[in-house]
1. Do any residues in the stretch 226-252 that are acidic (D, E) have Cβ atoms under 9 Å from those of residues that are loosely packed, with under 14 Cβ neighbours inside 10 Å, where the two are at least six apart or on different chains, and which pairs are they?
2. What single numbered condition from (1) modelled with pLDDT of 95 or more; (2) open to solvent by 60 Å² or more (accessible area, probe 1.4 Å); (3) over 26 Å from A293 (Cα atoms) fails to hold for V103?
3. Could you run through the stretch 299-346 and say how many residues are open to solvent by 30 Å² or more (accessible area, probe 1.4 Å), of a type in the set (G, A, S) and in contact (Cβ under 8 Å) with a residue 12 or more places away in the chain?
4. Looking only at residues that are in a helix (DSSP H, G or I) and touching a strand residue (DSSP E or B) at 6+ places or on another chain (Cβ under 9 Å) in the stretch 59-86, which one is most open to solvent (accessible area, probe 1.4 Å)?
5. Which one of these does G189 not meet: (1) open to solvent by 60 Å² or more (accessible area, probe 1.4 Å); (2) closer than 30 Å to A261 by Cα?
6. I'd like to verify a number: residues in the stretch 222-239 that are within 24 Å of S44 (Cβ to Cβ), not in a strand (DSSP E or B) and not polar (S, T, N, Q), how many?
7. Can you find a residue in the stretch 1-15 that is part of a helix (DSSP H, G or I), under 17 Å from D162 (Cα atoms) and modelled with pLDDT of 95 or more?
8. Any residue that is open to solvent by 40 Å² or more (accessible area, probe 1.4 Å), part of a helix (DSSP H, G or I) and of a type outside the set (D, E, K, R) - is there at least one of those in the stretch 198-221?
Amino acid sequence: MNETRFEVLVVGGGGAGCSAALHLARRGVKVALLERGLVGGQASGVNYGGVRQQGRNPAELPIARRSRELWGRMKELAGTEAEFTVTGHLKLARSDAEEAELVAYLDVAKAHGLPLRMVGRNAIHDEYPWLGPQVVAGSFAPEDGSANPRLLAPALARAARDAGATIHERMEVLEYTHDGTLFHLHTVGGHDFIAPVLLNLAGFWGGRIAAAFGEPVPVEPLSPNMLVTEPMRYFIEPNLGVVGGNVYLRQIPRGNVIIGAGYGESRPGAPGETPWARPLPEATLAGARLAIALVPALEGAQIIRSWTGIDGRMPDRIPVIGPSSTTPGLFHAFGFSGHGFQLGPAIGAIMSELVLDGRTDIPLEAFRITRFAMQGAEAD
């Protein structure tokens, strides 16, 4: 039997998992990360790349604020900035009702120290003359920006390895057990890993791990549909979103415009099977139309590529984060519902604190895994 013992096992090689391995290794922990595919191969590496605090669920804002501080030190943390650029995030309203939502969120942001500036009807087209006529107002978050999702998780994994962590790619776990003291993980290739602590940071597949320890949750696969245009004249500096979130776009300095809208399709696969995901042409075309309505100058631009990946979505659109309710030594952080890229660096730091310090300063009550069972009991 090929059996290896560690102090902590991390399952999931996205931004959060690689950050957790890095933070643990830097504190002297013997840690191994197991990734079923390639590091950054799913949600963390195929997303839109928004480093956004604005518009988040209030429960997520303390995590987002802490993560933004880490993004500002990414070169020090991971050896690269991952093309992180502070462009600001401009969230747009296309109706009176949407404008009212932006105004209401100003108080939420203020309570968490997030600077926002409302851009009203008289100013929005003066400041951003390339916006379409349907836009009536906006809210600007000057600290937000974007990064290259292809670069983040691999850089964090390299830094974790340099700090002493063991990183295993193409290492899918088939069986999870706990003997009362130790976790035993058995992989597709016949490897066995043992540790007293297990971090479940496996994205959509995190639901399967939770279920293996008696904590089933209603997580569903989510595949945001992404597309990118040919290079154009650079003119869209801020990262753009809209109230309701049905389209979002940003332009990189070389001129390509990255657009997210709608959803592709995916099959996560049974244990031992290869998952797949693909964008859908109808979602791509619908997204292009929404983007043109927002920025009319995009009309006629050629779409050169579309893509998607697999994330996990929770019914309330916020993740599961925190200790298991059934198994000592098990900690969860999954189900980021399409907006975990910005949070990943801080999630890793929070996980390391829960493991090594037994606490974190970030409030996690809203993310407890038992909230779904409690909802079911209330419904009964």
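The values are calculated or read from the model by the stated rules, or taken from the named source; none is laboratory data. Keep in mind that what you see is a predicted model, and the values were worked out from it rather than measured. As a convention, Cβ positions derive from the backbone with ideal geometry for all residues, glycine included, and neighbour counts pool all protein chains shown. Calculation scope for accessible area: heavy atoms of the full protein, side chains included, ligands and nucleic acids excluded. Shrake-Rupley method; radii C 1.70, N 1.55, O 1.52, S 1.80 Å.
1. Qualifying pairs under 9 Å: E230/Q302; E230/I304.
2. V103 satisfies every listed condition except (3).
3. So the count comes out to 3.
4. Within the stretch 59-86, the first condition is being in a helix (DSSP H, G or I), and the residues that meet it are 59-71, 74-78.
With touching a strand residue (DSSP E or B) at 6+ places or on another chain (Cβ under 9 Å) added as a condition, the list becomes 63, 67-68, 71.
Details: I63: 1, S67: 0, R68: 43, W71: 4 Å².
Ranking the candidates gives R68 first.
5. (2)
6. Step one: list which residues in the stretch 222-239 are within 24 Å of S44 (Cβ to Cβ), which gives 222-229, 238-239.
Subsequent filtering for residues that are not in a strand (DSSP E or B) retains 223, 238.
With not polar (S, T, N, Q) added as a condition, the list becomes 238.
Of the residues in that region, 1 qualify.
7. Of all residues in the stretch 1-15, those part of a helix (DSSP H, G or I) come to 15.
Cutting the leftovers down to under 17 Å from D162 (Cα atoms) gives us 15.
Narrowing further to those that are modelled with pLDDT of 95 or more: 15.
Yes, the conditions are met somewhere in the stretch 1-15.
8. yes
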